[in-house]
Amino acid sequence: MIFFPTPEKSINQLPPKTLEKSPKTPKSAKKSKSSSNRSEKISNLEPIQPKSPALSEKRKRNGGVESENVAKTRARAQNVPKKRVYYKKIKYDESEFAVGDDVYVKRRENASSDEEDPEVEECKMCFRGGKAVMIECDDCLGGFHLKCLKPPLKEVPEGDWMCVFCEAKKSGKEVELPKPPKGKKRVRTLKEKLLTSDLWAARIESIWKEVDGTFWFRAHWYMIPEETEAGRQPHNLRRELYRTNDFADVEMESVFRHCYVFSPKEYAKAQNEGDDVFFCEYEYDIRWHSFKRLAEINDLEEDLEYESEEDMDFEEEIERKKSSGPSSQELAANSRKGRIFGLQKIGTKSIPQHVRCHKQTGLERAKQTLLLATLPKSLPCRNKEMEEISAFIKGAICDDQCLGRCLYIHGVPGTGKTMSVLAVMRSLKSELESGSIKPYSFIEINGLKLATAENIYRVIYEALSGHRVSWKKALHFLNERFSEGKQVGKGQNKPCILLIDELDLLVTRNQSVLYNILDWPTRPNSKLIVIGIANTMDLPEKLLPRISSRMGIHRLCFGPYTFQQLQEIIMSRLKGIDAFDKQAVEFASRKVAAISGDARRALEICRRAAEITDYRIKNQATPADTASAEEARVGMAEVEAAIQEMFQAPHIQVIRSSCRLGKIFLAAMVQELYKTGMAETTFEKLAFTVSCFCTSNGEQFPGCDVLLRVGCKLGECRIILCEQGSRHRLQKLQLNFPSDDVTFALKDCQEIPWLAKYL
């Protein structure tokens, strides 16, 4: 075996992971004859250590007799254990593997089919390979000889091609595939095994030799769409893979050979790269089951601070080879000893328009920028509130004593409360980098992400110290930190800004969690600034006096947006995109401002209107109309259709068609939400509110039993969510849809006109 070691590094120069113990060799790598022979060959090739000339002359003068100190030093050096040796490139089993290569990896131990690796895929008609040109079906990826087709083809056609079996399946006919001759077993290629989950594909991140002489590599796994949580979707290509965020240490013995995973642009240009060519555009998070485009992910190698000069020289060598021009040897993934066989039409499948990388139209850019997850460049219409928040924080952290303060921010949903605070923190971060304000630490917590209210102690302590402990220990350490001023973590002397979104979710039966958090800023050595955000205006008045007194007098109200403000928010997002008529944006803004003033609802309506317009244009038959897609604009009709979809959805129709008592039931739930600010309420409180409604408006209260049956019917329709368990008066209830939808459905109810005053 030939290997190319990188220059030796000292232990201090290696990354922390390389100082760990060597991983145990798996069962598949235990003392097989082949692996032992390889290790013997590799161990014989020890690097030659040059002798120092001065030392050689000294040994000649001393007659070859070593001193006692030199002998002791050499004996100690022999007892030092060996360490890993890392390589950029090795030659293993007559194949050359380098860092960054994509390879097939065994998935099962002792599988007999793994020994099958045909040089070329067999024809699905004659079940033979050979050197004859084959064509691949773009749907099933099956290979066919041109002469075996009926009628036979003389040359590979341009564009997409589908076999007769796939065409018959799409037309709804029953298809019987040809069977191999008797005594012949169909042999699958590695590509087919990978796409049927019998193999793995991985990218080599690093290669090293262990102390026992075996070669290992760090595998960055790929995954086929069928193995994801969502499964294969209609837009997935047959050769598409997802890169995951999962890594593992694998022995080189498990590697079959190379495969090639291309980016969208490289895959579209591929022509004769062989059969082992795949396409990858997204990264898949195996924990959260989410996708992210690879083009948006920064390369990790650019962020490595411990990159050595040897690594830089290696990358410069690669760039020099790329710039020197293409290699004279023709590349082929499905090749043996320079002979190229098999499929000649690989990778020529065109990437579908409007799905893959292409120049986006104005409507597509509008849809992307109107997404709620898209962070806007600026936050209009909240300049006054942001100035107050900034002045409050600066006054707290710039104070020499920094005794700690509390700020309570309230307002209806969708009015930019959290976004405004985060925008202020981004501006303060730039001032911190310039040195105009004192250093501080910032912790952001959302109450919806906490399993229990007590878990907030764990989150705060982990953010300050970097250690994860139980919430009881975290509470003990935080009391020492904020009450007694003891050190916790590295930033113990910095002021701490704690942002708690959905503050009302921390309300417990004895309200101890809120008491502790709001009591810490009052301590002399706390240096803690608490900013709480909730939807309820009078939340402090509903808490115990000892808690409301500690919340302080600093309050900030975010009122609902007017239609002018909503129009300005939408136009700021669409800046530079000429895709909407001004009247259409104004119509959507007025409609939302009349109901709730929720900016998120206005953005969703405009985004849906852009989707309707884009879908209509792409489904037009004539090419001339399709060519005018760049000039398409969203008008009043599309906005009206989006509003009808949003406010006349099936659940709104169910609310409108519910019984008289069901409407009163839902109105009471909305009233409880407005009154307490809590999404959940109990059946006992709801029954009391319904009783008050009926008494005040001359209605007869039907009783708790009838009201419970009405609630069960609404729960069956999934209008409300009920706590699991027995039906009793403390059972928790919650709306399954926004309260704005209930308000929109019942505010013009002619059957019960008095409901409007409660909505």
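The values are calculated or read from the model by the stated rules, or taken from the named source; none is laboratory data. Here the structure is a predicted model, which is why all the values come from computation and not from measurement. Don't worry about glycine lacking a Cβ; one is built from the backbone with ideal geometry, like all the others, and counts go over all protein chains shown. Side chains included, ligands, DNA and RNA excluded: accessible areas come from the protein's heavy atoms. Shrake-Rupley method; radii C 1.70, N 1.55, O 1.52, S 1.80 Å.
Please state which one of Asp212, Asp276, Asp249, Asp198 is of a type in the set (Asp, Glu), under 28 Å from Gly129 (Cα atoms) and surrounded by fewer than 19 Cβ atoms within 10 Å (Cβ to Cβ).
Details: Asp212 fails: under 28 Å from Gly129 (Cα atoms); Asp276 fails: surrounded by fewer than 19 Cβ atoms within 10 Å (Cβ to Cβ); Asp249 fails: under 28 Å from Gly129 (Cα atoms).
After applying the criteria, what remains is Asp198.
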Here is a check on your reading of the model: is Arg509 modelled with pLDDT under 90, closer than 30 Å to Ala679 by Cα and open to solvent by 20 Å² or more (accessible area, probe 1.4 Å)? yes
Scan the range 437-475 for residues that are at pLDDT below 90 and among the basic types (Lys, Arg) and report the count. 3
Under 30 Å from Asn619 (Cβ atoms), open to solvent by 30 Å² or more (accessible area, probe 1.4 Å) and of a type outside the set (S, T, N, Q), is that true of Pro650? yes
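Given the criteria in the same structural domain as Gly552 (by the TED database) and open to solvent by less than 20 Å² (accessible area, probe 1.4 Å), does Gly414 qualify? Even if it seems obvious, please write down each step before you answer.
Values: in the same structural domain as Gly552 (by the TED database): yes; open to solvent by less than 20 Å² (accessible area, probe 1.4 Å): yes.
Yes; evaluated as a whole, the condition is true for this residue.
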Considering the range 531-543 alone, what residues qualify as being free of Cβ contacts under 8 Å to residues at least 60 places away in the same chain and surrounded by 14 or more Cβ atoms within 10 Å (Cβ to Cβ)? Leu543
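I'd like the residue in the range 428-453 that is free of Cβ contacts under 8 Å to residues at least 24 places away in the same chain and outside any helix (DSSP H, G or I) and, out of all such residues, is most open to solvent (accessible area, probe 1.4 Å). Show your work before the answer.
Looking only at the range 428-453, we keep the residues that are free of Cβ contacts under 8 Å to residues at least 24 places away in the same chain, and these are 429-436, 449, 451-452.
Keeping just the survivors that are outside any helix (DSSP H, G or I) gives 435-436, 451-452.
On the way: Gly435: 59, Ser436: 77, Ala451: 93, Thr452: 66 Å².
In this case the residue turns out to be Ala451.
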Is there any pair with a first residue in the range 658-678 that is within 17 Å of Asp705 (Cα to Cα) and a second that is small (Gly, Ala, Ser) and surrounded by 21 or more Cβ atoms within 10 Å (Cβ to Cβ) whose Cβ atoms are under 9 Å apart and which are 6 or more apart or on different chains, and what are they? Gly662/Gly711; Lys663/Ala745; Phe665/Gly711; Leu666/Ala745
Somewhere in the range 414-427, is a residue in contact (Cβ under 8 Å) with a residue 60 or more places away in the chain and out of contact with any strand residue (DSSP E or B) (no Cβ under 8 Å at 6 or more places or on another chain)? yes
Report yes if some residue within the range 555-565 is open to solvent by 10 Å² or more (accessible area, probe 1.4 Å), without any contact (Cβ under 8 Å) to a residue 12 or more places away in the chain and β-branched (Val, Ile, Thr); otherwise report no. no
Of a type in the set (A, V, I, L, M), within 25 Å of Gly552 (Cβ to Cβ) and modelled with pLDDT of 90 or more: does that describe Leu478? yes
Residues that are at pLDDT below 90, touching a helix residue (DSSP H, G or I) at 6+ places or on another chain (Cβ under 8 Å), outside any strand (DSSP E or B) and closer than 17 Å to Asp276 by Cβ, drawn from the range 192-225: Lys193, Ser197, Asp198
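In this structure, does Leu475 turn out to be without any contact (Cβ under 8 Å) to a residue 40 or more places away in the chain and part of a helix (DSSP H, G or I)?
Working: without any contact (Cβ under 8 Å) to a residue 40 or more places away in the chain: no; part of a helix (DSSP H, G or I): yes.
Taking the combined requirement at face value, the residue does not satisfy it.
To keep it simple, each residue is scored yes or no on (1) in a loop (DSSP other than H, G, I, E, B); (2) within 14 Å of Gly362 (Cα to Cα); (3) open to solvent by 60 Å² or more (accessible area, probe 1.4 Å).
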{"residue": "Ala584", "(1), (2), (3)": "no, no, no"}
{"residue": "Phe587", "(1), (2), (3)": "no, no, no"}
{"residue": "Val592", "(1), (2), (3)": "no, no, no"}
{"residue": "Arg600", "(1), (2), (3)": "no, no, yes"}
{"residue": "Leu603", "(1), (2), (3)": "no, no, no"}
{"residue": "Ala609", "(1), (2), (3)": "no, yes, no"}
{"residue": "Thr613", "(1), (2), (3)": "no, yes, no"}
{"residue": "Arg616", "(1), (2), (3)": "no, no, yes"}
Looking at the range 181-191, which of the residues that are in a loop (DSSP other than H, G, I, E, B) and of a type outside the set (Lys, Arg) is least open to solvent (accessible area, probe 1.4 Å)? Thr189
Only one of Phe127, Phe97, Phe165 is among the aromatic types (Phe, Trp, Tyr) and modelled with pLDDT under 80. Can you tell me which? Phe127
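Could you tell me how many of the residues in the range 169-180 are farther than 21 Å from Glu192 by Cβ and either in a helix (DSSP H, G or I) or over 40 Å from the mean Cα position of the chain (by Cα) (or both)?
Our first condition is that a residue be farther than 21 Å from Glu192 by Cβ; within the range 169-180, this holds for 170-174.
Now narrow it down to the ones that are either in a helix (DSSP H, G or I) or over 40 Å from the mean Cα position of the chain (by Cα) (or both): 170, 173-174.
Residues in the range 169-180 being farther than 21 Å from Glu192 by Cβ and either in a helix (DSSP H, G or I) or over 40 Å from the mean Cα position of the chain (by Cα) (or both): 3 in total.
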Inside the range 238-282, can you point out the residues that are outside any strand (DSSP E or B) and of a type in the set (Val, Ile, Thr)? none
What tally of residues in the range 737-759 results from selecting those that are surrounded by 15 or more Cβ atoms within 10 Å (Cβ to Cβ) and polar (S, T, N, Q)? 2
